[in-house]
Each structure stands twice: as structure tokens, then as C-alpha cells.
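Peer 1: Okay, here's the structure, questions in a sec.
The values are calculated or read from the model by the stated rules, or taken from the named source; none is laboratory data. Fair warning: this is a prediction, and the values are worked out from it, not measured in the lab. Don't worry about glycine lacking a Cβ; one is built from the backbone with ideal geometry, like all the others, and counts go over all protein chains shown. These area figures cover heavy atoms from the full protein model, side chains too; ligands, DNA and RNA do not enter into them. Shrake-Rupley method; radii C 1.70, N 1.55, O 1.52, S 1.80 Å.
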Amino acid sequence: MVSGFFSIPLPPPGIDSTRKRTGLVAPGDGLREFIAGPSEALLPAAVERLFNPEAACSPLVLYGPTGTGKSLLALALLGRWRQTHPNAASEYYTGSDFCRAYAYAVQADALQDWRDRLTRCTLLVIDGL
């Protein structure tokens with residue numbers, strides 16, 4: 001940490017299916033770390049708790065102005081989660097994809113199956129809800 005700035009290492013590429021679905025830059029596409037400043041001082045503690053099973057934080061909500069890196073950070077955390085928990089269920093949705101999936105589940109009379117799938121997730125990321 002220098003003058004209140006800190007970095008969170010980003011995982012190498014490895015969540016290509018998420019990238020293909022969303023069109024977002026995947027962590028590791030030229031970026032090795034997420035740089036944050038004094039206004040994000042609570043972020044390291046929140047990230048540490050996310051990966052500590054004894055001190056789980058749920059939900060973890062990333063909030064801030066457009067263009068500040070929330071989506072990049074969410075994808076980076078998902079990539080890191082998938083690396084450290086390869087057998088754990090995880091899902092990533094954009095806000096609009098989440099709404100479409102819900103509407104499809106209602107239309108197909110499969111709402112309980114969809115809810116069960118989400119409930120089994122150890123990590124559920126909804127970006128831009």
C-alpha cells in the first residue's frame with residue numbers, strides 16, 4: 001500500500017465462457033492487478049472475507065459510479081473463486097441476463113428448478129442488477 005492505494009492481483013485468463021457471453025474484458029487480458037484508492041479502503045477486507053469460509057460475507061455488493069471497475073473486479077473475483085474452488089458451483093449473470101433467465105423459467109414452468117440451481121451456487125455474481 002502506497003499513499004492509501006493498493007492492488008488486488010487478478011487471475012490469469014480462465015473464465016472464457018463468461019467473457020464470450022458478456023463481451024466484457026476477461027481478467028488477465030493485459031491486466032495483472034486491480035488498483036484501488038483510499039475510497040475503496042474496505043475492499044481488501046471484503047475480498048479476504050469472501051475467500052475465508054469461517055468469515056463468509058454474503059452478499060458482497062460492489063457499488064459505485066459507471067466506469068470505476070466494478071465489473072472487472074467482479075469478474076476477477078469470480079475467476080479467482082473458480083481457481084480456488086474448482087468443484088464449487090458458481091454462476092455469473094449480467095442484470096439483463098438474470099431477468100431473462102427468470103422470465104424464461106417462469107414461461108417454461110421451471111422456476112423451482114432455476115431457484116434450486118441458484119441456491120446450489122456457492123458464489124453467485126449478478127453484474128448491473
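Peer 1: Looking at Q83, is it more than 26 Å from F51 (Cβ to Cβ), more than 9 Å from the chain's Cα centre (by Cα) and not aliphatic (A, V, I, L, M)?
Peer 2: Against the criterion (more than 26 Å from F51 (Cβ to Cβ), more than 9 Å from the chain's Cα centre (by Cα) and not aliphatic (A, V, I, L, M)), Q83 does not qualify.
Peer 1: Additional query: I need the full set of residues from the range 73-129 which are of a type in the set (A, V, I, L, M, F, W, C), over 28 Å from I35 (Cα atoms) and either in a helix (DSSP H, G or I) or in contact with a helix residue (DSSP H, G or I) (Cβ under 6 Å, 6 or more places away or on another chain) (or both), in order please.
Peer 2: Scanning the range 73-129 gives F98, C99, A101, A103, A105, V106, L111, W114, L118.
Peer 1: Is there a residue being surrounded by fewer than 12 Cβ atoms within 10 Å (Cβ to Cβ), modelled with pLDDT of 90 or more, of a type in the set (G, A, S) and not in a loop (DSSP other than H, G, I, E, B) anywhere in the range 43-53?
Peer 2: No, the range 43-53 has no match at all.
Peer 1: Starting from the range 90-106, keep only residues that are within 16 Å of L123 (Cα to Cα) and touching a residue at least 60 places away in the same chain (Cβ under 8 Å), then list their pairs with residues that are open to solvent by less than 40 Å² (accessible area, probe 1.4 Å) and assigned to a helix (DSSP H, G or I) whose Cβ atoms are within a distance under 7 Å, requiring at least 6 positions of separation or different chains.
Peer 2: Once the first residue is within 16 Å of L123 (Cα to Cα) and touching a residue at least 60 places away in the same chain (Cβ under 8 Å) and sits in the range 90-106, its partners that are open to solvent by less than 40 Å² (accessible area, probe 1.4 Å) and assigned to a helix (DSSP H, G or I) give Y92/T18; Y92/L78; T94/T22.
Peer 1: Another question, then. All but one of (1) in contact (Cβ under 8 Å) with a residue 60 or more places away in the chain; (2) over 23 Å from F5 (Cα atoms) hold for L75; state the number of the condition that does not hold.
Peer 2: (2)
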